[in-house]
1. If I filter the range 180-191 for residues that are among the charged types (D, E, K, R) and under 23 Å from residue 135 (Cβ atoms), do I get at least one hit?
2. Identify the residue in the range 120-139 that is outside any strand (DSSP E or B) and either of a type in the set (Asp, Glu) or at pLDDT 90 or above (or both) and, among all such residues, is surrounded by the fewest Cβ atoms within 10 Å (Cβ to Cβ).
3. Among (1) of a type in the set (Lys, Arg); (2) free of Cβ contacts under 8 Å to residues at least 40 places away in the same chain; (3) out of contact with any strand residue (DSSP E or B) (no Cβ under 6 Å at 6 or more places or on another chain); (4) under 24 Å from residue 174 (Cα atoms), where does residue 68 come up short?
4. Give 214, 197, 178 a once-over and let me know the one that is surrounded by 17 or more Cβ atoms within 10 Å (Cβ to Cβ) and touching a Ser or Thr at 6+ places or on another chain (Cβ under 8 Å).
5. Of all residues in the range 1-25, which are part of a loop (DSSP other than H, G, I, E, B) and surrounded by fewer than 19 Cβ atoms within 10 Å (Cβ to Cβ)?
6. Looking at the range 87-100, I want the residues that are buried (at least 17 other Cβ atoms within 10 Å of the Cβ) and have a partner that is part of a helix (DSSP H, G or I) and among the small types (Gly, Ala, Ser) with Cβ atoms under 6 Å, at least 6 apart or on another chain. Which pairs are those?
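The values are calculated or read from the model by the stated rules, or taken from the named source; none is laboratory data. Source: prediction; values computed, not measured. Here the Cβ is made from the backbone with ideal geometry for all residues, glycine too, and neighbour counts use every protein chain on show.
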Amino acid sequence: MTRILVVEDEPGIALGLEDDLKLEGYDVEVVADGAAAAHRAREGAFDLILLDVMLPGKDGFEVCRELRRAGMRVPILMLTAKTQEAEKVMGLELGADDYVTKPFGTRELRARIKALLRRATPTDAENECVRFGDVEVDFRRGELRRAGTPVDLTPIEFKLLSLFVRAPGRLMSRDRLIEGAWGADTFTSDRIVDNHIANLRRKIEPDPAEPRYIRNVRGMGYRFDG
């Protein structure tokens, strides 16, 4: 059964979410503060987290940041009463996958949950291989092939490539790449990230000087257009 962690400090909203999601067939657990959310998210093996922004103790942004730095990839859907675009962008940049602004309709929320769960559960074929251009990334074998010929990648290069191809079109900040490829507790400079990206481009791009797949987003990071 799909497990959802609901993080909401308003009892009426929390109860309504719990009842509605249980009727949809989900296994639901509710916590009411940020510290408890960060703890249960690590311990509970949830499939999705509904995370309110305004929480006692740690707010939703802090919880999201902490979970992503810990390497957790569980989908996070933020619940927010804030309507300013900057607040929404900040949540997405910290690693949230989507957001819903209060007050929200239950049909919209259900649809967004289902969409996130679909995206988080790739097919077996997607798990094993990803292809773009003449490049094939074989996750089962941990191998990159170009026009059918194996290409040597360092472990870091393979981790970076995996982050990109599993999130096509998504902005990847240097901090996100460091967390995903090196680990949250590793000190790595932006220059080191850029050097590894340059090496990776030489191995996958038709013309590394004019990248087609791994593109710079000025002042923000990189995006994979596969």
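1. There is no residue in the range 180-191 that is among the charged types (D, E, K, R) and under 23 Å from residue 135 (Cβ atoms).
2. 124
3. Answer for residue 68: the failing condition is (2).
4. Result: 178 is the single residue among 214, 197, 178 that is surrounded by 17 or more Cβ atoms within 10 Å (Cβ to Cβ) and touching a Ser or Thr at 6+ places or on another chain (Cβ under 8 Å).
5. 1, 2, 9, 10, 24, 25
6. Sorted first by the residue in the range 87-100, then by its partner, the pairs are 99/91.
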